[in-house]
Amino acid sequence: MNFQIALIPGDGIGPEIVAEARKVLDAICKKYGHEFKYKELLLGGASIDVHGIPLTDETIEEAKKSDAVLMGSIGGDAATSPWYKLEPSKRPEAGLLGIRKALNLFANLRPAYLYNELKDACPLRDEIIGDGFDMMIMRELTGGLYFGERKTVEENGVRKAIDTLTYDENEIRRIAKRAFDIARKRRNKVTSVDKANVLDSSRLWRKVVEEVAVDYPDVELEHMLVDNCAMQLVKNPGQFDVILTENMFGDILSDEASMVTGSIGMLSSASLNETKFGLYEPSHGSAPDIAGQNIANPIATILSGAMMLRYSLDLDKEADDVEKAVQAVLADGVRTGDIMSEGCTKISTSEMGDRICAKILGE
Ligand code: IPM
Ligand code: MG
């Protein structure tokens, strides 16, 4: 099959990890006789350096023309990078928020699970880990506080900043449906997370989620307040299957969940719209402190490539192959620095990519 893939290397370790993911996709193409055409696009700091803005119309148009987008990471060190001297709407992060909105990528899937091979890296005690955990955070990605009106004013000599948190029922319904659909393919449970004891937007969220749940009698629904959820994630992570939540809560909880796995360098994510199209990126950031050293962990990006094969290109078998190759390489006892443990062999970013390719090709 032929596909057009947009690649956004981005900033920091982005270019290195995307290069490895591309290698892995090429290995899949070689094995199965597919042809992927790649187009590299600028976003974030890389776009600022060339065009002065973090997101251009060209990047949006080229992304729209492709079957899917695979991204590395964007952003730099806010204390030292010149990008952060620009006004907020021109900084790298604004580019990422902008492309999500422009492509209507409202459904953000962030899996967080414990790899058996990496149990030692999990910061939780054994009795809390129990049989491990495997959850999918469904974060609403184009509404709420991050996209509401905001301004900073001065009133009678006092500076004041205002952000607005808005959701309409259609925005809530479409993400809730996605969450229930995904729960059906997993363990049939949705935990909807809100702050309904305080926020109107959360009270509407809860009502609409309950309306959607009527069509999914086979899926168990529970509601949880966000502060309690933050606690439960470290107290009993095994209780969660699908966590459904709004944009900011999902931003925060997904970082917490990935840290709880102890291996944030392993976790992928997908951002989807109403069609098959999606943008795929690792859950971690651009790690500017280790950029360019060939030591970053490329696995989260490689697994994001697997999600792309599965969700946007309908290549399930190929996606399985990538995931199995990752497992097999971990079982061989090789690790990048971030997931290194005693008795294992430390390898570089590119070597990790090469080894995963070799497993796929049976070399
Ligand atoms: C994420 C990031 C972004 C977000 C930032 C970089 C705008 O934290 O993908 O979680 O908040 O969505
Ligand atoms: Mg975040």
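Hey, in the GNM for the chain with a 10 angstrom Cα cutoff, which one of A306, A27, A176 fluctuates hardest?
Ranking A306, A27, A176 by mean-square fluctuation puts A27 first.
So for segment 123-260, taking the charge dipole from beta-carbon charges (+1 Lys/Arg, -1 Asp/Glu), which of N236, Y146, M259 sits furthest toward the positive end?
Checking the options against the dipole of segment 123-260, the answer is Y146.
Work from the charge dipole of segment 123-260 (Cβ charges, +1 for Lys and Arg, -1 for Asp and Glu, about the Cα centre) and give the residue of V209, G250, Y167 farthest towards its positive end.
Y167
With charges only on Cβ, +1 for K and R and -1 for D and E, what is the dipole size of segment 82-160 about its Cα centre, in debye, rounded to 20?
660
Segment 177-216 to segment 70-117: how many Å between their Cα centroids?
26
On full extension of the chain, what length is gained from A102 through E149, given 0.36 nm per residue of separation minus the C-alpha to C-alpha distance?
15.2 nm
On the protein heavy atoms, probe 1.4 angstrom, tell me the percent of accessible surface of the chain carried by carbon and sulfur.
Here carbon and sulfur together make up 49 percent of the probe-accessible area.
Loop only by DSSP, 15 or fewer other Cβ within 10 Å of the Cβ. Give me the GluC sites (Glu not before Pro) in segment 271-324 that pass, ordered by residue number.
Answer by residue number: E274.
Which of rounded, prolate, oblate describes segment 1-120, given a ≥ b ≥ c as roots of the alpha-carbon gyration tensor eigenvalues and a/c under 1.5 marking rounded, otherwise prolate only if a/b is larger than b/c?
oblate
For segment 123-260, how big is Rg over Rh, using alpha carbon atoms and the Kirkwood form of Rh?
1.04
Assuming a ≥ b ≥ c are the square roots of the Cα gyration tensor eigenvalues, decide whether segment 218-302 counts as rounded (a/c under 1.5), prolate (otherwise, with a/b larger than b/c) or oblate.
oblate
What accessible area per residue, rounded to a whole number of Å², is obtained for the chain using a probe radius of 1.4 Å?
The answer is 44 Å² per residue.
Mind running the shape call on the chain? Use the C-alpha gyration tensor, a ≥ b ≥ c as the square roots of the eigenvalues: rounded below 1.5 for a/c, prolate if a/b tops b/c, oblate otherwise.
It is rounded, given that a/c, with a ≥ b ≥ c, falls under 1.5.
What's the extension gain from D168 to E220 if we count 0.36 nm per residue and subtract their Cα-Cα distance?
Extra length from D168 to E220 when fully extended: 16.3 nm.
Pop the C-beta distance of M231 and Q293 into the FRET formula with R0 = 45 Å and round what comes out to the nearest 0.05.
0.75
For the chain, set up a GNM with springs between Cα atoms under 10 Å and report which of L86, L114, L145 has the largest fluctuation.
Comparing L86, L114, L145 in a Gaussian network model of the chain, the most mobile one is L86.
Assuming R0 = 25 Å, what is the FRET efficiency of D320 and K177, from their Cβ-Cβ distance, to the nearest 0.05?
E between D320 and K177, to the nearest 0.05, is 0.45.
Less than 30 Å apart at the alpha-carbon level, and either on another chain or at least 8 residues along: which lysines does that give for K31?
Within the straight-line cut-off, K31 pairs with K23, K39, K64, K65, K185, K276, K317, K324, K346, K359.
So what J values fall out for segment 14-25 if you push phi through Karplus, 6.51 cos²θ - 1.76 cosθ + 1.60 with θ = phi - 60°, rounded to Hz, Gly and Pro as x?
Values, residue by residue: x, x, 5, 6, 5, 4, 5, 5, 5, 4, 5, 5 Hz.
Restricting to DSSP loop positions (anything but H, G, I, E, B) with no more than 12 other Cβ atoms inside 10 Å of their own Cβ, which trypsin sites (Lys or Arg not before Pro) remain in segment 269-363?
Counting only loop positions with at most 12 other Cβ atoms within 10 Å, the trypsin sites (Lys or Arg not before Pro) in segment 269-363 are K276.
Place a +1 charge on the Cβ of each Lys and Arg in segment 123-260 and a -1 charge on the Cβ of each Asp and Glu, then give the dipole magnitude about the Cα centre in debye, rounded to the nearest 20.
Its charge dipole is roughly 140 debye.
In the chain, if the dipole is taken from +1 on Lys/Arg beta carbons and -1 on Asp/Glu beta carbons about the Cα centre, which of N2, V50, I17 is farthest to the positive end?
Going by the Cα projections, it comes out as N2.
Would you mind working out the magnitude of the charge dipole of the chain relative to its Cα centre, with +1 at each Lys and Arg C-beta and -1 at each Asp and Glu C-beta, to the nearest 20 Debye?
Once rounded to the nearest 20, the dipole reads 300 debye.
The values are calculated or read from the model by the stated rules, or taken from the named source; none is laboratory data. For clarity, every value in this text was computed on a predicted model and none was experimentally measured. Methodologically, a virtual Cβ is constructed for each residue, glycine included, from the backbone with ideal geometry; neighbour enumeration extends over all protein chains shown. Only protein heavy atoms, including side chains, enter the accessible area calculation; ligands, DNA and RNA are left aside. Shrake-Rupley method; radii C 1.70, N 1.55, O 1.52, S 1.80 Å.
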